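The values are calculated or read from the model by the stated rules, or taken from the named source; none is laboratory data. Since this is a predicted model, take the numbers as computed values, not measurements. Cβ coordinates were reconstructed from backbone atoms using ideal geometry, including for glycine residues, and neighbour counts include every protein chain displayed. Just so you know, the surface numbers come from the protein's heavy atoms only, side chains and all, with ligands and any DNA or RNA stripped out. Shrake-Rupley method; radii C 1.70, N 1.55, O 1.52, S 1.80 Å.
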Amino acid sequence: MGAEMPRRPRKEAAGSRHEPGTVRQTTAAAVETIGPQTEKLMEEVLHRENLLTALKRVVSNKGAPGVDGVTVDDLPDHLRREWPAIREQLLADTYAPSPVRRKDIPKPGQGKGTRMLGIPTVLDRLIQQAILQVVGPIFDPEFSDHSFGFRPGRSAHQAVEQARVYMAEGHRWVVDLDLEKFFDRVNHDILMSRIARKVRDKRLLKLIRRYLTAGILEGGVVSARDAGTPQGGPLSPLLSNVLLDDLDKELERREHRFCRYADDCNVYVRSKTAGERVMASLTRFLEGKLRLKVNRAKSAVDRPWNRKFLGYTVTTNRSPRLKPATASVRRAKDRIREITQKGRGRNIRRVVEEVNTFTRGWVGYFRLADVAQDFKTLDQWLRRRLRKILWEQWKTPRNRYRKLVQLGVEAERAKKATATGRGAWWNAGASHMHAGVTNAQLAEWGLLTLLTMLRTLQGPT
């Protein structure tokens, strides 16, 4: 057993004895970014304290196993057996990352195709996380203030709020840039040249390059990779920011007002003519200097209220008001349909509990919304979905009659209701189901309304 081998992390409160060491280590790396200090970064990566922090993060993130089948639960035992040899390979510059396991996930929206995830082994996720904790603080302080994605202390909400400020100041045209298959097209040579500006440790540079070129396993065959940084590994977000920092610096040099979150970039201008000029010049810059492809079909110069940014859109008011984009509401309905479709035969309280888990997260993300109408409409639609489940569960006219009477509907009215011959969705919206399964009854079964959650999160106005 090597003295530097990471072990299973214990649960510790914030400010434990492990955290300050990591903070000191990464802060020191951030202060002196170029010079002899960056020539020994591999030792910093493999420092016991740094590895323990990385191990805690990988274990807490869970995630699927890679090509070797080792799970996060297996990782500590795997490390006890293998880590001393792996550590020596890393220090000697002979470690070879395993191929990533390909997984295609559907893109949001109907008919949008799929996005490829490259799932590294849990061992490689641990090493990547350890690299991120040391290298991230070297680059992050010099990233643009307009870059909000995957950075400490920054969020999508800040990007959305900043975009609204630009619009309120009169920049009411947006250059909405869409980079075609960005994570699949990153040029390795260009990216590595940016990393080498601040990282002098050749062992670490070669290891990052090996992670970029690690093959992809699909259908039992490993294919080589000469471009891209597939989403799925801890390093991928940082590497995307390193490359796109060139775009940020170019936009700052031109004194543009912009917000970027990973590969989502919006530039705000005062006129359509200015927007078209910016779109043309940025397309030349991205495709010429960074060798990235702008998706001309999805990119546009348009009014912000006709576009969406990080799931939000705005009203046409002089002082824009935020609201969920139409596509975001549609995706919420799709997810609720999935949950309630599985509700047939299940206790309604269990269905409600699962719905609440989703809607809490959804409202939490869209809590910046100034317009409440979409939340009201979703509430109404959701209640109708739940009434539809009950109507289908009751199955026969006789049982439906009995259930409606139990819920307080007059016998004659219940009898007429069960004789309509109409479908479940129609009955779910009919007055007899509203009279039996009232909003109060759904609340008693545990249903949380989106509008109430929104008001609670936003607090008194």
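A few remarks follow.
- Test: residue in the stretch 370-392 that is assigned to a loop (DSSP other than H, G, I, E, B), touching a Pro at 6+ places or on another chain (Cβ under 8 Å) and closer than 18 Å to residue 328 by Cβ: no
- Of all residues in the stretch 285-322 being of a type outside the set (A, V, I, L, M, F, W, C) and in contact with a Ser or Thr (Cβ under 6 Å, 6 or more places away or on another chain), the one that is most open to solvent (accessible area, probe 1.4 Å): 321
- Condition check for residue 420: among the hydroxyl-bearing types (Ser, Thr, Tyr) and outside any helix (DSSP H, G or I): yes
- Among the residues of the stretch 68-91, those identified as in contact (Cβ under 8 Å) with a residue 40 or more places away in the chain, in a loop (DSSP other than H, G, I, E, B) and open to solvent by less than 50 Å² (accessible area, probe 1.4 Å) are 70, 71, 72.
- Test: residue in the stretch 375-382 that is open to solvent by 60 Å² or more (accessible area, probe 1.4 Å), out of contact with any strand residue (DSSP E or B) (no Cβ under 7 Å at 6 or more places or on another chain) and hydroxyl-bearing (Ser, Thr, Tyr): no
- Scanning the stretch 243-261 for residues that are open to solvent by 50 Å² or more (accessible area, probe 1.4 Å) and either at positive phi or aliphatic (A, V, I, L, M) (or both) turns up just one, 255.
- Condition met for residue 198 (part of a helix (DSSP H, G or I), open to solvent by 20 Å² or more (accessible area, probe 1.4 Å) and over 18 Å from residue 265 (Cα atoms)): no
- Considering the stretch 218-252, and only residues there that are of a type in the set (S, T, N, Q) and over 23 Å from residue 282 (Cα atoms), the residue that is modelled with the highest pLDDT turns out to be 236.
- Filtered residues of the stretch 330-374 (kept if polar (S, T, N, Q) and open to solvent by 30 Å² or more (accessible area, probe 1.4 Å)): 341, 347, 357, 373
- Residue 146 in contact with a strand residue (DSSP E or B) (Cβ under 7 Å, 6 or more places away or on another chain) and touching a residue at least 60 places away in the same chain (Cβ under 8 Å): yes
- Looking only at residues of the stretch 92-108 that are open to solvent by 30 Å² or more (accessible area, probe 1.4 Å) and either at pLDDT 95 or above or part of a loop (DSSP other than H, G, I, E, B) (or both), we find that the one that is farthest from residue 232 (Cα to Cα) is 92.
- Count of the stretch 395-417 residues, restricted to those that are in a helix (DSSP H, G or I) and not charged (D, E, K, R), is 9.
- All of (1) surrounded by fewer than 16 Cβ atoms within 10 Å (Cβ to Cβ); (2) farther than 19 Å from residue 156 by Cβ; (3) touching a strand residue (DSSP E or B) at 6+ places or on another chain (Cβ under 7 Å) hold for residue 282 with one exception: (1).
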